[in-house]
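The values are calculated or read from the model by the stated rules, or taken from the named source; none is laboratory data. In this text the structure is predicted, and so the values were computed from the model without any measurement. Ideal geometry is used to build each Cβ from the backbone, glycine not excepted, and the neighbour counts take in all protein chains shown. We work out accessible area using only protein heavy atoms, side chains counted, and drop any ligands, DNA or RNA first. Shrake-Rupley method; radii C 1.70, N 1.55, O 1.52, S 1.80 Å.
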Amino acid sequence: MKKLFFIACLFVINICFSQTSQKETVLKQAYEMRQAFMNKNYDVFSSYVHEGVIKMMGGKKKMINVSVAAMDTMNKQGHHFKKVDFSDVSDIITVKNEQQAVVHQKIQMDTPKGNINADYYMIAVSGNNGKNWKFIDTSGKDIQTMRKYFPNLSSQLVIPKKKISK
């Protein structure tokens with residue numbers, strides 16, 4: 001009985017440490033993606049974008065062109081990112097051969113009408129046991145809407161509503 005209890009304890013401890021380690025990797029890679037985006041290194045940035053997003057946008061080159069054009073337009077209109085941070089990572093859910101989680105993204109932006117603070121959420125997906133993560137911007141959409149575009153996403157993922165304040 002003691003052996004069974006000991007094995008069960010080791011199993012629980014292993015799961016907890018595994019989740020913590022994977023969550024740290026998610027955050028590390030989210031920050032790497034942010035750094036590439038803020039430095040306008042869209043080639044590196046695209047390596048962190050989920051393949052489904054790239055395909056929906058017509059391929060990597062088109063996605064990069066759209067990103068550059070969108071940032072140029074925003075800058076010309078007086079919108080500038082001040083800060084982009086990531087905090088909470090949800091519990092990681094395994095679906096078939098993928099790990100999935102929701103990542104909290106906090107954005108501070110200068111606009112012609114003043115500063116904006118926003119809470120957005122991304123979905124992180126790994127197809128190689130948490131070694132590399134790809135991200136999907138939810139743009140404030142709920143999981144049911146996101147599953148229309150990405151049917152492999154777990155219905156158990158919880159995407160909080162976006163919040164925008166001045």
Scanning segment 75-100 residue by residue, the ones that are within 24 Å of Y42 (Cβ to Cβ) and either surrounded by fewer than 16 Cβ atoms within 10 Å (Cβ to Cβ) or among the basic types (K, R) (or both) total 10
Single condition I136 does not satisfy, out of (1) closer than 20 Å to N97 by Cα; (2) within 13 Å of the chain's Cα centre (by Cα); (3) of a type outside the set (G, A, S); (4) open to solvent by 30 Å² or more (accessible area, probe 1.4 Å) | (4)
Within segment 37-74, can you find the residues that are surrounded by fewer than 18 Cβ atoms within 10 Å (Cβ to Cβ), under 19 Å from K131 (Cα atoms) and without any contact (Cβ under 8 Å) to a residue 60 or more places away in the chain?
-> V44, S47
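Can you say whether Q108 is touching a residue at least 60 places away in the same chain (Cβ under 8 Å), over 12 Å from the mean Cα position of the chain (by Cα) and in a strand (DSSP E or B), as far as the supplied structure shows? If you could, list the steps in order and put the result at the bottom.
On the way: touching a residue at least 60 places away in the same chain (Cβ under 8 Å): no; over 12 Å from the mean Cα position of the chain (by Cα): yes; in a strand (DSSP E or B): yes.
Judged against the criteria, Q108 is not a match.
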Checking L153 against (1) out of contact with any Lys or Arg (no Cβ under 8 Å at 6 or more places or on another chain); (2) in a loop (DSSP other than H, G, I, E, B), the condition it does not meet = (1)
Does Q29 satisfy being open to solvent by less than 50 Å² (accessible area, probe 1.4 Å), closer than 20 Å to Y120 by Cα, part of a helix (DSSP H, G or I) and at pLDDT 95 or above?
-> yes
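Is there a residue in segment 143-165 that is within 15 Å of F37 (Cβ to Cβ), touching a residue at least 24 places away in the same chain (Cβ under 8 Å) and within 13 Å of the chain's Cα centre (by Cα)? Walk me through how you get there before you give the answer.
Step one: filter segment 143-165 for residues within 15 Å of F37 (Cβ to Cβ), giving none.
No: zero hits.
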Of all residues in segment 127-140, which are at negative phi, in contact (Cβ under 8 Å) with a residue 60 or more places away in the chain, out of contact with any Gly (no Cβ under 8 Å at 6 or more places or on another chain) and not basic (K, R)?
-> N132, W133, F135, D137
If you scan segment 111-150, which residues turn out to be part of a strand (DSSP E or B), within 16 Å of L27 (Cα to Cα) and not charged (D, E, K, R)?
-> Y120, Y121, M122, I123, A124, V125, S126, F135, I136
For residues in segment 101-110 being of a type in the set (V, I, T) and open to solvent by less than 20 Å² (accessible area, probe 1.4 Å), which is farthest from E24 (Cα to Cα)?
-> V102
